[in-house]
Amino acid sequence: MPAAHAAAAHASVAQARIEEGVKEVGPRDAARFKVDAPADQASEFAGRCTLSAVGGSVNVAVDGVHYVPLSAPAIGDVLTLQPGESRTYEMTGTFAPNERGDAEIAFIFNGSPAGFCFPGQQCAKAAEGATALRAECTNR
């Protein structure tokens, strides 16, 4: 493919844009970020999301509607953040066409890590659970 055709083909690729902002949610709630994506074609997404544990440790489940991630985290991943920890993810992926316009990426406050014991050994104590999950997302 000649360079001019390749550049034109790349320029016509639709871009998905995430609703930028900060959301703070409590246990068993979800920080949901709507995504503006075309209804009639697949679109590319490039964003940045920072997740923070507020007041303790937290398990965060990653979810998405019409989202096909090409980078971490994947849909269904459960991330564990320690007290006060923040992690930033450079997210890239594709949004499938969707007539209803309900594309989104969500981070679900899935609880706090539990303590565990191995038979005949000392038990590991879980850190105190978080009071909130803070998520901040922007477009790149």
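The values are calculated or read from the model by the stated rules, or taken from the named source; none is laboratory data. This is a predicted model, so every value here is computed, not measured. Methodologically, a virtual Cβ is constructed for each residue, glycine included, from the backbone with ideal geometry; neighbour enumeration extends over all protein chains shown. Side chains are part of the model used for accessible areas, which takes the heavy atoms of the whole protein and leaves out ligands, DNA and RNA. Shrake-Rupley method; radii C 1.70, N 1.55, O 1.52, S 1.80 Å.
Of all residues in region 14-28 being open to solvent by less than 80 Å² (accessible area, probe 1.4 Å) and not aliphatic (A, V, I, L, M), which is farthest from residue 132 (Cα to Cα)?
In this case the residue turns out to be 19.
Limited to region 37-76, what total is found for residues that are within 10 Å of the chain's Cα centre (by Cα), under 16 Å from residue 135 (Cα atoms) and of a type outside the set (A, V, I, L, M, F, W, C)?
Looking only at that region, the number is 6.
Does region 77-101 hold any residues that are over 16 Å from residue 14 (Cα atoms) and within 14 Å of the chain's Cα centre (by Cα), and which are they? So that I can check it myself, show each step before the final result.
Restricting attention to region 77-101, the residues satisfying the condition of being over 16 Å from residue 14 (Cα atoms) are 77-91, 100.
Within region 77-101, 77, 78, 79, 80, 81, 86, 87, 88, 89, 90, 91 meet the criteria.
Six or more apart or on different chains, Cβ under 7 Å: which pairs go from a residue in region 9-33 that's among the basic types (Lys, Arg) and in a loop (DSSP other than H, G, I, E, B) to one that's open to solvent by 80 Å² or more (accessible area, probe 1.4 Å) and at pLDDT below 95? Could you list them?
none
Among the residues of region 73-90, write down those that are free of Cβ contacts under 8 Å to residues at least 24 places away in the same chain and surrounded by 12 or more Cβ atoms within 10 Å (Cβ to Cβ).
Hits for region 73-90 are 73, 74, 75, 77.
Quick one: is residue 39 out of contact with any strand residue (DSSP E or B) (no Cβ under 6 Å at 6 or more places or on another chain) and open to solvent by 20 Å² or more (accessible area, probe 1.4 Å)?
On the way: out of contact with any strand residue (DSSP E or B) (no Cβ under 6 Å at 6 or more places or on another chain): yes; open to solvent by 20 Å² or more (accessible area, probe 1.4 Å): yes.
It is true that residue 39 is out of contact with any strand residue (DSSP E or B) (no Cβ under 6 Å at 6 or more places or on another chain) and open to solvent by 20 Å² or more (accessible area, probe 1.4 Å).
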